[in-house]
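Following: one structure in structure tokens, then a few remarks.
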Amino acid sequence: MRAIRHHRFGGPEVLVLDELPTPEPGPREVLLRVHRAALNHFDVLSREGIFPGMPLPRIVGIDCTGFVERDGCGLLAPGTPVVVLGERMGNGGPGAYATQV
């Protein structure tokens with residue numbers, strides 16, 4: 001998958017496009033193909049290093065929309081549209097600025 005990450009804190013110039021392995025959903029997780037990702041104040045502030053303890057490198061973005069590819073829960077059919085308000089993504093999990101989350 002492709003993802004926009006930063007390997008150090010700073011302005012927009014620290015963002016890079018990286019190739020990464022596609023994540024595998026675990027139990028109670030869903031793999032999502034991202035359709036749209038939002039830009040909000042948390043993304044900017046975390047990229048700048050305002051929140052201590054943020055792991056690096058980090059995929060930017062905590063909110064997105066997309067479609068289910070695989071469901072580790074057994075609740076959502078592939079193709080189901082979803083909205084992610086990604087509190088977990090903001091804590092170092094996979095970010096929304098990627099082809100898959």
Legend entry - Index of the failed condition, GLU48 passing every other in (1) at pLDDT 90 or above; (2) within 14 Å of the chain's Cα centre (by Cα); (3) charged (D, E, K, R): (2)
Inset, instruction - Name every residue in region 35-54 that is open to solvent by 30 Å² or more (accessible area, probe 1.4 Å) and within 16 Å of VAL84 (Cβ to Cβ), in order of residue number. - result: HIS35, ARG36, ALA37, ALA38, LEU39, ASN40, PHE42
Legend entry - One residue from PRO25, PRO57 being touching an Asp or Glu at 6+ places or on another chain (Cβ under 8 Å), in contact (Cβ under 8 Å) with a residue 24 or more places away in the chain and open to solvent by 40 Å² or more (accessible area, probe 1.4 Å): PRO57
Legend entry - Test result for ARG36, in contact with a Cys (Cβ under 7 Å, 6 or more places away or on another chain) and modelled with pLDDT under 90: no
Legend entry - Any chance PHE67 is touching a Lys or Arg at 6+ places or on another chain (Cβ under 6 Å) and surrounded by 11 or more Cβ atoms within 10 Å (Cβ to Cβ): yes
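If you check LEU76 against the conditions, is it out of contact with any Pro (no Cβ under 9 Å at 6 or more places or on another chain) and at pLDDT below 90? Please lay out each step first, then the result.
Details: out of contact with any Pro (no Cβ under 9 Å at 6 or more places or on another chain): yes; at pLDDT below 90: no.
Spelling it out, it is not the case that LEU76 is out of contact with any Pro (no Cβ under 9 Å at 6 or more places or on another chain) and at pLDDT below 90.
The values are calculated or read from the model by the stated rules, or taken from the named source; none is laboratory data. Please read all numbers here as calculations on a predicted model, not as lab measurements. Heads up, the Cβs are rebuilt from the backbone with ideal geometry, glycines too, and the neighbour counts pull from every protein chain shown. With ligands, DNA and RNA removed, areas are computed over all heavy atoms of the protein, side chains included. Shrake-Rupley method; radii C 1.70, N 1.55, O 1.52, S 1.80 Å.
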